[in-house]
Amino acid sequence: MTERFAPCPDSPNCVSSYADDEAHRVDPLPLRAGDDDPLAAIRRVLASMPRTKVVTEDGDYVHVTCTSLVFRFVDDLELRLDRQNGVIHVRSASRVGNGDLGVNRRRVEKLRALLESEGKGL
């Protein structure tokens with residue numbers, strides 16, 4: 001798979017499974033063996049997350065916006081299926097500001113936990 005997300009900026013408000021540095025690196029979500037439509041599980045979990053909206057779905061790529069409750073900041077969450085390597089690559093980044101107080105990393109880990117608890121085992 002040659003398509004990648006935009007790299008994270010130097011600021012600490014982005015995480016990506018493609019990042020090489022520890023500050024921005026997050027593990028991709030593993031695919032469940034034998035799952036014919038892994039994006040269906042992603043869609044169900046995203047629908048359960050408040051203030052989260054799927055903006056674009058194009059083949060194995062999904063772009064989502066996540067809006068904060070109080071200040072209404074919008075963050076971007078991107079997911080890309082990598083069937084060859086059995087993972088879903090992920091990038092979560094703030095649109096504004098320098099820091100994010102760990103929000104983007106927690107978002108990815110919450111997504112991972114919700115998928116696992118749903119029994120989809122991605």
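Within the stretch 7-29, can one find any residue that is closer than 17 Å to Asp100 by Cα, surrounded by 15 or more Cβ atoms within 10 Å (Cβ to Cβ), of a type in the set (Ser, Thr, Tyr) and modelled with pLDDT of 95 or more?
Yes - at least one qualifying residue is present in the stretch 7-29.
Has the stretch 47-59 got at least one residue that is closer than 21 Å to Pro7 by Cβ and not charged (D, E, K, R)?
For the stretch 47-59, residues closer than 21 Å to Pro7 by Cβ and not charged (D, E, K, R): present.
Filter the stretch 56-107 down to the residues that are among the hydroxyl-bearing types (Ser, Thr, Tyr) and out of contact with any strand residue (DSSP E or B) (no Cβ under 6 Å at 6 or more places or on another chain) and list them by number.
Ser68
Restricting the search to the stretch 33-84, which residues are among the hydroxyl-bearing types (Ser, Thr, Tyr) and surrounded by 14 or more Cβ atoms within 10 Å (Cβ to Cβ)?
Thr52, Tyr61, Thr65
Does at least one position in the stretch 79-90 carry a residue that is out of contact with any His (no Cβ under 6 Å at 6 or more places or on another chain), under 25 Å from Ser117 (Cα atoms), polar (S, T, N, Q) and not in a loop (DSSP other than H, G, I, E, B)?
Within the stretch 79-90 (the criterion being out of contact with any His (no Cβ under 6 Å at 6 or more places or on another chain), under 25 Å from Ser117 (Cα atoms), polar (S, T, N, Q) and not in a loop (DSSP other than H, G, I, E, B)), the answer is no, since none of the residues qualifies.
Please state which one of Ser11, Ser16 is within 12 Å of the chain's Cα centre (by Cα), within 13 Å of Asn104 (Cβ to Cβ) and of a type in the set (Gly, Ala, Ser).
None of the other options fit; the residue is Ser16.
Within the stretch 91-122, which residues are touching a helix residue (DSSP H, G or I) at 6+ places or on another chain (Cβ under 8 Å) and farther than 13 Å from Leu39 by Cα?
Residues satisfying the conditions are Ser92, Ala93, Ser94, Leu114, Glu118.
For the stretch 61-90, which positions are within 17 Å of Asp37 (Cα to Cα), among the charged types (D, E, K, R) and modelled with pLDDT of 95 or more?
Arg80
The values are calculated or read from the model by the stated rules, or taken from the named source; none is laboratory data. Since the model is a prediction, treat every value here as computed from it, not as a measurement. Please note: Cβ atoms are built from the backbone with ideal geometry, for glycine as well, and neighbour counts cover all protein chains shown.
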